[in-house]
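The values are calculated or read from the model by the stated rules, or taken from the named source; none is laboratory data. None of the values given here were measured: they were computed from a predicted structure. So basically every Cβ, Gly included, is an ideal-geometry build from the backbone, and we count neighbours across all protein chains shown. The protein model used for the area step is the full one, side chains on, heavy atoms only, and it has no ligands, DNA or RNA in it. Shrake-Rupley method; radii C 1.70, N 1.55, O 1.52, S 1.80 Å.
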Amino acid sequence: RTTYRKVPTTAFVSQTCKFASTLAFIESTKEGKIVPSSLNALTAAQELGNPIHAVMLGSQASATASALKSSVKCEKLDKILVSNADAFDNYLPERVAPLLAQILKSDEYTHFVTAANAIGKNTLPRLGALLDNQPINDITKIVDAKTFVRPIYAGNAIATVECSQSKKLISVRPSAFDSIPQGSTESAAVEEVKVTESKPQIDIKWEGENLIKSERPDLGSASIVVSGGRALKDKETFDKLLIPLADVLHAGIGATRAAVDNGFCDNSMQIGQTGKVVAPDLYLAVGISGAIQHLAGMKDSKVIVAINNDPEAPIFKVADYGLEGDINQVVPELTQKLKEA
Ligand code: FAD
């Protein structure tokens, strides 16, 4: 059902048929804040050109729908569908997907958009199975209403995918789309979803969560990321060198898989093919070789600075600025200079 074709030279977003609408899945945190990656997904939804119905779920949905209306400027946002059922708290995909499938059965929807974050990645394949539809994952660009660009082979090739299905189920790479502008969209109506098929297909229950609490900017939305590799040697050195540098730059801290596997830091900090994908304004790679699996998670950063004592390290090939030297000397010196600046 999915065909591949060459990237057209001129990108454009076509208007879809008269009755086409997009359903955009918007998540909120337990504190009632809209999840930043959902705001990137909303930008992608707006680019499609259709009227948008946002869907918000969980016991705080009505409150977060009001927060959405008063915090974003989204001309295409017509309606916000809410279900305040606590069954949807924590967005268990086994509960969320059947409800979304129920809504999407309406002919009015031609597109479904969610962020390619943990919840989106968990929900979309189930939704695809329920609707007998092939999802298009992790898009980085919209060419037109049925043509999307997405990285494949860990970002080593770019596929342009033309989808001939009547409904396009899409997840959006957050770092590839700007956040929807701030403002207000008070004209959007809020409507309660009538839940008729919320029963999960398998018995599932939320037991709890154990989150790492951090005052640092979230890796996904940080404008500066300081990232450490195997060269940091142990947890003590990782913290001693990277925390002061990140503090002075107000940066998020990331790591390679080697650093995570060796216990220098928590695995939520891993960047790369099997970790998070980031595209900050500035990415500082400290003692990182630049393996392709790591590059898959950071090579779209606007400016890349690499510190490494091996002039042949592959990271220097993607770096805008390279500093050849020993991190144990260079990093404290750099931190001190930045403090003085
Ligand atoms: P190394 O490759 O060992 O590099 C360390 C670097 O530090 C070297 O370049 C060295 O010159 C430099 N160095 C050493 N001492 C100093 C010093 N004192 N001063 C300055 N520089 C110094 N990796 C990821 O990061 N993310 C992923 O998501 C990921 N997914 C993977 C998925 C699969 C299926 C596989 C097979 C691998 C994956 N990997 C991933 C692992 C990846 O292949 C690399 O092994 C890993 O990225 C290497 O991490 P590193 O750069 O920290 O370590």
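Rolling a 1.4 Å probe across all protein chains gives Arg216 an accessible area of roughly 70 Å². Result for the chain in a Gaussian network model with C-alpha springs under 10 Å: among Glu324, Glu27, Glu215, the largest mean-square fluctuation is at Glu215.
Annotation note: chymotrypsin sites (Phe, Trp or Tyr not before Pro) in the range 105-197 located in DSSP loop regions with a Cβ neighbour count of at most 15 within 10 Å are Tyr153. For the range 50-135, the per residue solvent-accessible surface stands at 34 Å², with DNA, RNA and ligands left out and a 1.4 Å probe. How many angstrom separate the Cα center of the range 111-155 from the Cα center of the range 63-90? Centre-to-centre distance over Cα atoms comes out at 21 Å.
Placing unit charges on the Cβ atoms only, positive for Lys and Arg and negative for Asp and Glu, gives the range 81-188 a dipole magnitude near 320 debye about its Cα centre.
Under the simplified labelling scheme, the Glu333-Ala67 pair shows an inter-label distance of 4.6 nm, with each label point 7 Å from Cα along Cα→Cβ. Note on the chain: with charges restricted to the Cβ of Lys and Arg (+1) and Asp and Glu (-1), its dipole about the Cα centre is near 860 debye. When the chain is treated as a GNM with alpha-carbon contacts under 10 Å, the residue of Thr123, Thr29, Thr43 showing the greatest mean-square fluctuation is Thr29.
The magnitude of the dipole of the range 107-263, with charges of +1 and -1 set on the Cβ of Lys/Arg and Asp/Glu and taken from the Cα centre, is near 560 debye. Compute, for Asp218, the solvent-accessible surface of its heavy atoms (probe 1.4 Å) with the complete set of protein chains present, and express it in square angstrom to the nearest 10. For Asp218, solvent-accessible area is about 90 Å².
Sorting the segments 267-275, 126-134 by their mean number of nearby beta carbons within 10 angstrom, highest to lowest, gives 267-275, 126-134.
What do you get for trypsin sites (Lys or Arg not before Pro) in the range 44-110 restricted to DSSP loop and a cutoff of at most 13 other Cβ within 10 Å of the site's Cβ?
Here the trypsin sites (Lys or Arg not before Pro) that fit, given the DSSP loop and packing criteria, are Lys73, Lys105.
Which of Lys235/Lys337; Lys233/Lys276; Lys146/Lys168; Lys73/Lys105; Lys168/Lys205 have a Cα-Cα distance over 18 Å?
Details: Lys235/Lys337 24 Å; Lys233/Lys276 22 Å; Lys146/Lys168 7 Å; Lys73/Lys105 28 Å; Lys168/Lys205 30 Å.
Beyond 18 Å: Lys235/Lys337; Lys233/Lys276; Lys73/Lys105; Lys168/Lys205.
Of the residues Leu68, Gln102, Ala87, the one whose Cα sits farthest towards the positive end of the charge dipole of the range 50-103 is Leu68 (charges of +1 on Lys and Arg Cβ, -1 on Asp and Glu Cβ, taken about the Cα centre). What part of the accessible area of the chain, given as a whole %, is carbon or sulfur when the probe is 1.4 angstrom? With neighbouring chains kept in place, the figure for the chain is 51 percent.
Normalising the average separation of contacting C-alpha pairs (under 8 angstrom, six or more residues apart) by the number of residues puts the relative contact order of the chain at 15 percent.
Between Val303 and Ser214, take the C-beta separation as r, use R0 = 25 Å, and let me know the FRET efficiency to the nearest 0.05. Could you put the intermediate results ahead of the total?
Numbers: r = 24 Å, r/R0 = 0.95.
Once rounded, the FRET efficiency stands at 0.60.
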